[in-house]
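Data block below; observations after.
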Protein chains: 2
Amino acid sequence: MGLTKTEIYTDRQNEIASFAKVIAHPARVAILQYLLKHEQCICGTLVEEIGLAQATISQHLKELKSVNLIKGNIEGTSVCYCINLNVYKKIQKLFNELLGRDIKLNNNC
Amino acid sequence: MGLTKTEIYTDRQNEIASFAKVIAHPARVAILQYLLKHEQCICGTLVEEIGLAQATISQHLKELKSVNLIKGNIEGTSVCYCINLNVYKKIQKLFNELLGRDIKLNNNC
DNA sequence: TAGGTATATTGCAATATTACGATTAACTAA
DNA sequence: TTAGTTAATCGTAATATTGCAATATACCTA
């Protein structure tokens, strides 16, 4: 136990959950917001901006990279991170399918 | 440690992360999809549909209720669950701010 | 080559999550 | 009142997440 039973869900359900998990931490939300505003950044800037240890920020960047939401280009001693547009758009689409409905209440709840 | 430092983030960042966390499990995605399709349901139906133990489904429903994304009305021996439209719309808005941007790539990444 | 800078990785402790059996609570019907 | 139904809660085991110090890696410059 303690392990999600991924095999009983559809690929799409697992995919949505995976992307949501990446966004499910305020530090990673903060990183995404920073990248949306400034287009690119290096790890050190985020350490100053957010106020977590360098190891911790590096770990959060790794999770964002794990679903390819961001990508990093090595530039000398530092790494320039930016949003991966294709994956960003994919998440947009997936989330919109689940959360973008125009619901009407016809039930008695 | 092992505890998120919520105090260093904005309320909005924490809010987005909290809502994302609720969606960050395929069982809860499946529950939401079921509710979007059928408008309402009882716990027992989800147990059959999804294939997890009753206690587990009840726990997932509790998490969806914890952010008021769903609400439950007691109807005899069972509980009728449905989506809370106001909160659904709020999540729509919050996620759209973060993920609904029309980004253009002007950087060299 | 040696020292400095930037990031990733490792190891660890604290806490959270997932899942389920067993039990409890609350209502319904015989 | 008693038995059956439905859902919530409790307790527990397994695993995942968060955060950081310490260390490793990689590159740049003098």
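Per-structure values
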{"item": "Options A:73, A:68: the member that is within 24 Å of residue B:19 (Cβ to Cβ) and either at pLDDT 95 or above or more than 12 Å from the chain's Cα centre (by Cα) (or both)", "result": "A:68"}
{"item": "Qualifying residue in segment B:4-16 (condition: hydrophobic (A, V, I, L, M, F, W, C) and at the interface with chain A (Cβ under 10 Å from one of its Cβ atoms))", "result": "yes"}
{"item": "Residues satisfying the stated conditions in segment A:40-81, i.e. surrounded by 19 or more Cβ atoms within 10 Å (Cβ to Cβ), closer than 19 Å to residue A:24 by Cα and touching a Cys at 6+ places or on another chain (Cβ under 7 Å)", "result": "A:57, A:61, A:70"}
{"item": "Lone qualifier among A:3, A:52 - being under 28 Å from residue A:96 (Cα atoms) and without any contact (Cβ under 8 Å) to a residue 40 or more places away in the chain", "result": "A:3"}
{"item": "In segment A:1-16, the residues that are more than 11 Å from DNA strand C (Cβ to nearest atom) and more than 20 Å from the chain's Cα centre (by Cα)", "result": "A:10"}
{"item": "Qualifying residue in segment A:99-108 (condition: in a helix (DSSP H, G or I), touching a strand residue (DSSP E or B) at 6+ places or on another chain (Cβ under 6 Å) and under 23 Å from residue B:28 (Cα atoms))", "result": "no"}
{"item": "Members of segment B:61-83 found to be within 11 Å of chain A (Cβ to nearest Cβ), in contact with a helix residue (DSSP H, G or I) (Cβ under 9 Å, 6 or more places away or on another chain) and in contact (Cβ under 8 Å) with a residue 12 or more places away in the chain, listed by number", "result": "B:69, B:70, B:71, B:79, B:81, B:82, B:83"}
{"item": "Filter result (at the interface with another protein chain (Cβ under 7 Å from one of its Cβ atoms), in a helix (DSSP H, G or I) and within 15 Å of DNA strand C (Cβ to nearest atom)) within segment B:17-43", "result": "B:17, B:20, B:21, B:23, B:26, B:29, B:30, B:32"}
{"item": "Residue within segment B:47-59 that is touching a strand residue (DSSP E or B) at 6+ places or on another chain (Cβ under 8 Å) and away from chain A (no Cβ under 11 Å) present", "result": "no"}
{"item": "Among (1) closer than 29 Å to residue B:5 by Cβ; (2) free of Cβ contacts under 8 Å to residues at least 60 places away in the same chain - the single one residue A:91 does not satisfy", "result": "(2)"}
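The values are calculated or read from the model by the stated rules, or taken from the named source; none is laboratory data. The structure displayed is predicted, hence computed values, not measured ones. Because the Cβ atoms are built from the backbone with ideal geometry, glycine has one as well, and the counts that use them run over all protein chains shown.
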